[in-house]
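These notes concern the structure reproduced below.
The values are calculated or read from the model by the stated rules, or taken from the named source; none is laboratory data. Everything numeric in this text was worked out from a predicted model, so none of it was measured. Quick reminder, even Gly has a Cβ in these numbers, built from the backbone with ideal geometry, and neighbours come from all protein chains shown.
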Amino acid sequence: MRLTVVGCSGSLPGPDSAASCYLVEADGFRLVVDLGNGALGPLQRHVQLPEVNAVLLSHLHPDHCMDLCSYYVARRYGPGGPARRLPVHGPAGTARRMARAYGEGADTGMPEVFDFIDVVAGDQRIGPFDVTAARMAHPVETYGYRLTHDGAVLAYSADTGPTDTLVKLADGADLLLCEAAFHDGRDVVPDLHLTGSEAGAHARRAGAARLVLTHLPPWNDPDRALREATSAYDGPVEVARPGMTFDLP
């Protein structure tokens, strides 16, 4: 299994990165996890848009889903005519939310291009991946994901405040891709985001082999997030940057 960081800026695109977007590949299958503002452009550095096999959305905040509108245009009007209907897995209401964002009714346009499939907590199969979805601590319906393929495990926190559910989801993972949008001592909003030290504590409790911090807003200091994480977790820690790749295990 290979993970490529396409976009890792939190809450909005930054000068150096699009918002959240990750490409996960195995056995020739290309799964795009989240497709936030500005991500469709850099995604094309790693995969041709018609070659994506499925999209998996964690939640419906714009920094995780809004470039699905641009992807709709690319798949419907690109050279060669409409592309095959693409599975898009997301929280209930994804089809309606994205159609409204694009300015269409939920029963026209987008369902001709995307096959919207509701995510529910529990286990499902997407291509070659066994996927476990679990509700995270965030103001809207948000799912963290555990992707397993051929013994390799990738856990993705999506957006969340502290929760034991993330520890369970990341249990023994080869890599925990974990948000760290807050800084210790500065941000105290409950059930919204994690600090670097909270991300590290979740990775430690889960026994994850590696921690990659993501979803850092443009105004955050990545070195501070890294210091916070290493204060709570003694395994290898990195801050995500666009273009990074990780081969698991």
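Quickly run through the range 41-73 and pick out the residues that are under 15 Å from G109 (Cβ atoms) and surrounded by 16 or more Cβ atoms within 10 Å (Cβ to Cβ). If the condition is that a residue be under 15 Å from G109 (Cβ atoms) and surrounded by 16 or more Cβ atoms within 10 Å (Cβ to Cβ), then L68, C69, S70, Y71, Y72 are the ones that fit.
A229 - would you say it is outside any loop (DSSP other than H, G, I, E, B) and touching a strand residue (DSSP E or B) at 6+ places or on another chain (Cβ under 8 Å)? Yes. For G81, state whether it is at pLDDT below 95 and not in a helix (DSSP H, G or I). Judged against the criteria, G81 is a match. Just one of the listed residues (R76, R97) is crowded, with 16+ Cβ neighbours inside 10 Å and farther than 21 Å from T245 by Cα, and it is R97. All conditions in (1) more than 26 Å from D27 (Cβ to Cβ); (2) out of contact with any Phe, Trp or Tyr (no Cβ under 8 Å at 6 or more places or on another chain); (3) modelled with pLDDT of 95 or more; (4) of a type outside the set (S, T, Y) hold for C69, with the sole exception of (2).
Where in the range 134-208 are the strands (runs of 3 or more DSSP E), entirely inside, with at least 1 residues that are in contact with a His (Cβ under 6 Å, 6 or more places away or on another chain)? Per the criteria, 175-179.
Evaluate the following for D191: is it among the acidic types (D, E) and surrounded by fewer than 24 Cβ atoms within 10 Å (Cβ to Cβ)? So D191 passes the test. Can we say H149 is surrounded by fewer than 24 Cβ atoms within 10 Å (Cβ to Cβ) and touching a Phe, Trp or Tyr at 6+ places or on another chain (Cβ under 6 Å)? Taking the combined requirement at face value, the residue satisfies it.
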